[in-house]
Amino acid sequence: MEFEPKPDGFVTLNLTIQDARSVLDQQQQLRQLSLTQLNILFVTNTALLTVLSISRLLFTVSLFSVAEVIGFLFSFSVLIYALLPRQPLVTPNLEDQESIERYLALSPDEYRLQMLTNLIAVYQANKQRLDDITQALSLATYFVWATLIITLSHVLWIVSLAL
């Protein structure tokens with residue numbers, strides 16, 4: 001593909017690359033936020049499990065206990081899935097000598113155009129990884145909330161029996 005620069009093409013291409021990098025930075029910030037949410041859900045789930053263990057409600061045989069155990073299994077499973085390592089894509093790949101040599105042979109405008117193409121590919125690949133994490137976190141949140149509601153119902157049921 002032969003690239004013919006326009007008079008303002010250089011400025012436009014630089015602005016486009018700058019915007020693409022800005023979007024990738026925002027994507028990285030969203031990934032960090034997702035990891036923070038993941039940690040909060042792990043702590044919440046563990047605290048809920050600890051409360052049930054200390055109160056010995058988890059060890060009583062009832063439908064509540066069975067539902068709580070199932071809720072914990074599902075929520076921890078989904079959280080672990082969200083935690084699975086996903087290697088973010090980066091460009092250019094500095095470990096690939098052939099790619100570096102190919103980039104060095106390009107004119108400055110062709111190089112910028114190639115970088116823009118690479119940044120778009122990186123965004124799309126990382127977006128899919130981030131979407132997987134976000135979806136898993138949403139699902140885990142529902143499981144934690146459901147387990148919390150079951151636990152509160154269990155506690156209220158035990159208290160009502162004691163009265």
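The values are calculated or read from the model by the stated rules, or taken from the named source; none is laboratory data. Fair warning: this is a prediction, and the values are worked out from it, not measured in the lab. Ideal geometry is used to build each Cβ from the backbone, glycine not excepted, and the neighbour counts take in all protein chains shown. Quick note on the areas: whole protein, heavy atoms, side chains included, nothing else; ligands and nucleic acids left out. Shrake-Rupley method; radii C 1.70, N 1.55, O 1.52, S 1.80 Å.
What do you reckon, is S34 open to solvent by less than 20 Å² (accessible area, probe 1.4 Å), under 20 Å from the mean Cα position of the chain (by Cα) and either modelled with pLDDT of 90 or more or of a type in the set (G, A, S) (or both)? So that I can check it myself, show each step before the final result.
Values: open to solvent by less than 20 Å² (accessible area, probe 1.4 Å): yes; under 20 Å from the mean Cα position of the chain (by Cα): yes; either modelled with pLDDT of 90 or more or of a type in the set (G, A, S) (or both): yes.
Yes.
Which of the residues spanning segment 102-121 are over 23 Å from V23 (Cα atoms) and basic (K, R)?
R102
Open to solvent by 70 Å² or more (accessible area, probe 1.4 Å) and at pLDDT below 90: does that describe F76? Full working, then the answer.
Details: open to solvent by 70 Å² or more (accessible area, probe 1.4 Å): no; at pLDDT below 90: yes.
Answer is no for this residue.
Kindly establish whether F143 is in contact with a His (Cβ under 6 Å, 6 or more places away or on another chain), on the phi < 0 side of the Ramachandran plot and buried (at least 17 other Cβ atoms within 10 Å of the Cβ).
Values: in contact with a His (Cβ under 6 Å, 6 or more places away or on another chain): no; on the phi < 0 side of the Ramachandran plot: yes; buried (at least 17 other Cβ atoms within 10 Å of the Cβ): yes.
Answer is no for this residue.
For the condition at pLDDT 80 or above and open to solvent by 90 Å² or more (accessible area, probe 1.4 Å), what is the one hit in Y111, Y81? Write out each step before concluding.
Details: Y111 fails: open to solvent by 90 Å² or more (accessible area, probe 1.4 Å).
Sole residue among the options that is at pLDDT 80 or above and open to solvent by 90 Å² or more (accessible area, probe 1.4 Å): Y81.
Looking at this structure, is L119 in contact with a His (Cβ under 9 Å, 6 or more places away or on another chain) and either open to solvent by 90 Å² or more (accessible area, probe 1.4 Å) or among the hydrophobic types (A, V, I, L, M, F, W, C) (or both)?
Values: in contact with a His (Cβ under 9 Å, 6 or more places away or on another chain): no; either open to solvent by 90 Å² or more (accessible area, probe 1.4 Å) or among the hydrophobic types (A, V, I, L, M, F, W, C) (or both): yes.
When the stated conditions are applied, L119 does not pass them.
When residues of segment 38-62 are filtered for being touching a residue at least 40 places away in the same chain (Cβ under 8 Å), surrounded by fewer than 17 Cβ atoms within 10 Å (Cβ to Cβ) and in a helix (DSSP H, G or I), how many remain?
1
Can you find a residue that is open to solvent by 50 Å² or more (accessible area, probe 1.4 Å), closer than 30 Å to N14 by Cβ and in a helix (DSSP H, G or I) anywhere in segment 87-99?
yes
Among the residues of segment 1-19, count how many are assigned to a helix (DSSP H, G or I) and modelled with pLDDT under 80.
Of segment 1-19, the ones assigned to a helix (DSSP H, G or I) are 9-19.
Cutting the leftovers down to modelled with pLDDT under 80 gives us 9-17.
Here the count works out to 9.
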